[in-house]
Amino acid sequence: MQHDAIAVIDFGGQYAHLIATKVRRLCVYAEIRQPDDPVEKFEGFKGIILSGSPALASQGEDDDYTKEIFDLDIPILGFCFGHQEIAKHYGGTVINGGREWGRAQLHKVGEAHPLFDGVPEGDQVFMSHFDSVTALGPTFREIGYTQLGGSGTPHRFAALASDSLRRYGFQYHPEVDDTLHGGQMISNFVTGICGCKPSWTMDTYLAEQVESLKRQVGDQSIFLLVSGGVDSTVCAKLLGQVVGPQRLHLLHVDNGLMRKGESAAVLDMFRDLGLDQNLHFIDATDDFLGALAGEVEPERKRAIIGNTFVAVFEREARRLGIDGHLLGQGTIYPDTIETGGTKRSDTIKTHHNRVPIIEEMIRAGRVIEPLAELYKVEVRELGERLGIAHDAIWRHPFPGPGLGVRLLCSTGGADLAGVDLLQPQVAALAAPFGLDGRVLPIRSVGVKADLRSYEHPAILTGDLSWDRLQEAVGSILKNAQGINRCLWNLGPQTYRDVRPLPATMTRERLDLLREADAIVMDGLKRHGLYDQVWQCPTALVPMSVDGAGRELVVVRPIQSERAMTATAANLPAALLAELRRDLLVLPGVSGLAYDLTSKPPGTIEWE
Ligand code: XMP
């Protein structure tokens, strides 16, 4: 290993990535490892951190990980579940009990410990656990206890250490921002106890990556698909530095599912970046819309878009005579490793960046993925260093299947399964808030208990503060089984003859959605909110609410960190008034709604 590095064992999806990013922020390289990775995969690391987990250490859950890591002569630190596993492994006791959730005060015990250098006495830490350590094995000592809310019953053994074994544990989560000096504690472990030198900076990464890619590519040329998204753009610019613009072939495919003016803007951007010597463009709208004609089922639409993409890619690569080149891909780190989160998300919605032909090329060693070690924030940092414009680097994420997952289709038959039962429930749950609640006779995709759901949205009509609306939405999503999405009606206030409309993927409907989406994006930018909101899909739902047979536009602004979870973002009243004014007059539109659903139980996209 060129740089000192820490391995982070992923016992539970989200936490491990958070830990790895915190370590990397110290300029020390960190990699995720799976609990069952053979011990050889830990070679060369200067320390290991065990993440938290939804599993219960007291019950022996997820206990079949590679225990040989404990034989390695490097420091190991565990958080929450990891802390309990360390206690257990060395003869301590873990019980199911002492459950806590929230902020607590950390009190140091005994002689000052280097893990707490720079951490004030009584500092705030974040607890979230069912199990607790109640006794320690030989050589271990308690170095801290905590008190929930500052005055609760002391939680003993919340921080433990065996300096002779170099094994340590924190019951709380230092990786979350609610643990105020969590970064300091991680730094004390990584740079102090493990002795890692902070050499992994973006400058050294860039210099090393360019050199290593030069060796890998030799005199070959590279072919890269560019969507205009941040990953493929940064990848193109980096590869341009490696082989020069003559040997870099870029292909932008307009699948007909792009935003308004998008393809032209993407081509302009690559020209501005000086990467236009072999910039190819293909308008494949006809291929995609032809293949999608008449299809209404969400998963089949996704599969068709994915398959058409591969067919167009193969055809164009042959036509351009570049099928012998290396294939560059902007795959980033979280996409390359299996975690609980990504393993499952595949079954919720099919993603299409690892299709068979590309996997075959990877096996043949014909694919290079220069961003495969980086997290999104690091890709953006690299992009800035490479001189890519701010707007391109901070664009909202846009799904591969594009507007295809935002343009709902329907046979026009009302999807009434369960609606009769749900309607009185939803109306009764909305009434205490002074809202009219109505179940829509269509369905959209969501995620419940990590599984795909395909259920009805409820729409609420009435004026209410944001906080009260959130309460109403929370109550309906919690209590009405069969509802996975809650909308707030922005107009018209009286619904007549609510029914689905027959609708498929046509150019006209896509143009309408493009227009609506552009109005929403312009509104966000005008109000200085584009950078504040993580993503804001606009969906076109073939649902008539006014008896006139026109469609419903749904705006879905969200806040999120990594798209695994999300909450609805609060848009100001002035912007909502403008959206009402500009969207409700679009020909073909008569309804407007604001999606207030968090994820889970909704997904960010409607399909
Ligand atoms: P969901 O709807 O699953 O979306 O909550 C999570 C994030 O992923 C994006 N998304 C996709 N991105 N190909 C992509 O490249 C896809 O098929 C796809 N489906 C969803 C979505 O926009 C959100 O940011």
Check 382, 403 and return the single one that is part of a helix (DSSP H, G or I), modelled with pLDDT of 95 or more and away from the ligand (no atom under 16 Å from the Cβ). 382
Answer yes if at least one residue in segment 33-45 is surrounded by 21 or more Cβ atoms within 10 Å (Cβ to Cβ) and farther than 30 Å from residue 566 by Cβ, and no otherwise. yes
Can you list residue pairs whose Cβ atoms sit under 6 Å apart, with the first residue in segment 89-107 being assigned to a strand (DSSP E or B) and the second being among the basic types (Lys, Arg) and modelled with pLDDT of 95 or more? Count only pairs 6 or more apart in sequence or on different chains. 94/88
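Let's see how each residue does on (1) touching a Ser or Thr at 6+ places or on another chain (Cβ under 8 Å); (2) hydrophobic (A, V, I, L, M, F, W, C); (3) modelled with pLDDT of 95 or more:
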residue	(1), (2), (3)
191	no, no, yes
199	no, no, yes
213	no, yes, yes
222	no, yes, yes
226	yes, yes, yes
236	no, yes, yes
I'm trying to understand the selection: among the residues of segment 251-288, which are in contact with a Gly (Cβ under 9 Å, 6 or more places away or on another chain) and assigned to a strand (DSSP E or B)? 252, 283
Does segment 479-490 contain any residue that is out of contact with any Pro (no Cβ under 8 Å at 6 or more places or on another chain) and exposed (fewer than 15 other Cβ atoms within 10 Å of the Cβ)? yes
Cβ contacts < 8 Å: first residue small (Gly, Ala, Ser), restricted to segment 247-270; second residue assigned to a helix (DSSP H, G or I) and open to solvent by 30 Å² or more (accessible area, probe 1.4 Å), any location; separation 6+ or different chain. Result? 256/286; 256/507
When residue 510 is run through (1) of a type outside the set (S, T, N, Q); (2) surrounded by 15 or more Cβ atoms within 10 Å (Cβ to Cβ); (3) within 22 Å of residue 435 (Cα to Cα); (4) assigned by TED's automatic domain parsing to the domain that holds residue 462, the failure sits at (3)
In the set 92, 60, 122, which member is closer than 21 Å to residue 193 by Cβ and open to solvent by 10 Å² or more (accessible area, probe 1.4 Å)? 92
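Being open to solvent by 40 Å² or more (accessible area, probe 1.4 Å) and assigned to a loop (DSSP other than H, G, I, E, B) is the filter here, so list the residues in segment 70-88 that pass it. Spell out the reasoning first.
Going residue by residue through segment 70-88, those that are open to solvent by 40 Å² or more (accessible area, probe 1.4 Å) are 71-73, 88.
Residues satisfying the conditions are 72, 73.
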So which of 551, 515, 561 is within 12 Å of the ligand (Cβ to nearest atom) and either at pLDDT 95 or above or under 28 Å from residue 447 (Cα atoms) (or both)? 561
Where residues in segment 427-449 are within 16 Å of the ligand (Cβ to nearest atom) and open to solvent by 60 Å² or more (accessible area, probe 1.4 Å), which of them is nearest to residue 462 (Cα to Cα)? 443
Set 552, 592, 540: member being farther than 24 Å from residue 480 by Cα, touching a residue at least 12 places away in the same chain (Cβ under 8 Å), open to solvent by less than 10 Å² (accessible area, probe 1.4 Å) and outside any loop (DSSP other than H, G, I, E, B): 540
Those residues of segment 268-311 which are closer than 26 Å to residue 233 by Cβ and under 27 Å from the mean Cα position of the chain (by Cα) amount to 269, 270, 288, 302, 305, 306, 307, 308, 309, 310
Looking for whichever is of a type in the set (Asp, Glu), outside any helix (DSSP H, G or I), at pLDDT below 75 and open to solvent by 40 Å² or more (accessible area, probe 1.4 Å) here; the options are 346, 323. Which one fits? 323
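Might you let me know whether segment 502-522 holds any residue that is of a type outside the set (Gly, Ala, Ser), in a loop (DSSP other than H, G, I, E, B) and in contact with a Lys or Arg (Cβ under 8 Å, 6 or more places away or on another chain)?
Within segment 502-522 (the criterion being of a type outside the set (Gly, Ala, Ser), in a loop (DSSP other than H, G, I, E, B) and in contact with a Lys or Arg (Cβ under 8 Å, 6 or more places away or on another chain)), the answer is yes, since at least one residue qualifies.
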Please go through segment 129-159 and pick out each residue that is without any contact (Cβ under 8 Å) to a residue 24 or more places away in the chain and more than 17 Å from residue 97 (Cβ to Cβ). 151
Regarding residue 574, is this residue assigned to a strand (DSSP E or B), under 18 Å from residue 491 (Cα atoms) and either at pLDDT 95 or above or within 16 Å of the ligand (Cβ to nearest atom) (or both)? no
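The values are calculated or read from the model by the stated rules, or taken from the named source; none is laboratory data. Being a predicted model, the structure only gives us computed values, none of them experimental. Cβ sites come from the backbone with ideal geometry, for glycine too, and all protein chains shown count toward neighbours. In case anyone asks, the SASA skips ligands and DNA or RNA and just uses the protein heavy atoms, side chains included. Shrake-Rupley method; radii C 1.70, N 1.55, O 1.52, S 1.80 Å.
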